[in-house]
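Below is one structure, written out as structure tokens, with a few remarks after it.
The values are calculated or read from the model by the stated rules, or taken from the named source; none is laboratory data. For clarity, every value in this text was computed on a predicted model and none was experimentally measured. In this analysis, Cβ positions are derived from the backbone assuming ideal geometry, glycine residues included, and neighbour counts consider all displayed protein chains. Remember, those area values only see protein heavy atoms, side chains included, never the ligands or the DNA or RNA. Shrake-Rupley method; radii C 1.70, N 1.55, O 1.52, S 1.80 Å.
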Amino acid sequence: MKNRRNPGSKAATDPWLAKGKLKTYRRGQRIIEAGTSQNEWVAISRGAACLVSQVAPGTQVAVAALWLGDVIGGESPLGKLAARYDVTALVDVTTINIPLAQAQADAAPPLPPGTHDELYTATARRLQGQISMRLAGNGLQRLVSVMATLATALAPEARLHGGWQANRLSLPISQASIGQLSGLSRRQTWIYLGQLSGRGWVTTSRAKVTLEALSAWLDVMGEVESSGIECISTLEHCDLTLQRLSARALSIA
């Protein structure tokens with residue numbers, strides 16, 4: 001997912017993206033409702049959002065987080081014509097919206113290489129990676145991967161607005177929400193967070209989870225991709241992996 005296009009910055013130079021309309025959503029506001037028709041091509045240009053699936057009447061499951069550069073409207077991995085998921089803002093979100101009819105018309109002749117297909121492919125890869133971890137990982141692996149993913153999604157915004165201080169990041173979502181994204185009960189989430197806190201990698205309070213040694217957390221998913229999910233399979237493995245990544249970040253700095 002490196003070198004993916006950033007619709008927030010590309011809009012100024014890309015004539016196709018420049019046609020889009022910016023929309024803003026406050027934290028907790030629904031961006032897209034599952035089942036609704038998708039009549040706009042939509043890309044996230046700022047912030048991060050959570051995808052939620054309704055698996056049964058009254059039962060919802062958080063599926064994944066998407067952020068800068070991801071496409072969430074029509075002709076996206078979230079549904080060609082109808083939305084498969086509710087999409088809710090985890091933090092304040094800005095999107096670029098282009099009417100789908102206009103986007104399809106602009107596709108003939110084809111759009112500039114990378115503008116549409118690259119964003120679609122990168123979003124699909126990011127979504128599939130998180131879904132695969134939910135299916136393959138144990139509870140700790142899922143929790144660690146979710147927090148590492150949230151760090152990646154939210155750190156740029158935090159850095160921009162002063163929320164990243166002394167290599168720490170306070171996640172702007174509750175423990176319950178983190179647990180839901182991880183497919184864990186509140187008690188399981190509390191236990192795993194307590195174990196990670198005991199090793200010094202997180203600080204918890206009633207309403208907040210803060211990631212310590214943020215530079216290490218930002219490298220976790222890259223390490224998982226290169227070494228396999230065994231590197232975060234137990235508390236001891238997580239501890240050793242984060243120690244190694246933290247030491248590497250310090251040596252580079």
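For the stretch 176-253, the residue among Q188, L245, L218 whose Cα projects farthest onto the positive side of the dipole built from Cβ charges is Q188. Electrostatic tally near T241: other residues with Cβ closer than 13 Å to its Cβ, Lys and Arg +1, Asp and Glu -1, net -3.
With the highest mean first, a sort of the peptides 35-44, 238-247 on other beta-carbon atoms found within 10 angstrom per residue produces 35-44, 238-247. Among I98, I229, I252, the sequence by solvent-accessible area, most first, with a 1.4 Å probe is I252, I229, I98.
Note: relative contact order over the stretch 135-225, using C-alpha pairs below 8 Å and six or more positions apart, is 35 percent. In terms of its Cα atoms, the stretch 120-253 spans 34, 34, 32 Å along the principal axes, sorted from long to short.
Solvent-accessible area assigned to carbon and sulfur over the stretch 118-223 amounts to 52 percent, based on a 1.4 Å probe.
The charge dipole of the stretch 127-244, taken about its Cα centre with unit charges on the Cβ atoms of Lys, Arg (+1), Asp and Glu (-1) only, comes to about 480 debye. Within the shell defined by Cβ-Cβ distances under 15 Å, the residues around A34 carry a net charge of +1, with Lys and Arg each +1 and Asp and Glu each -1.
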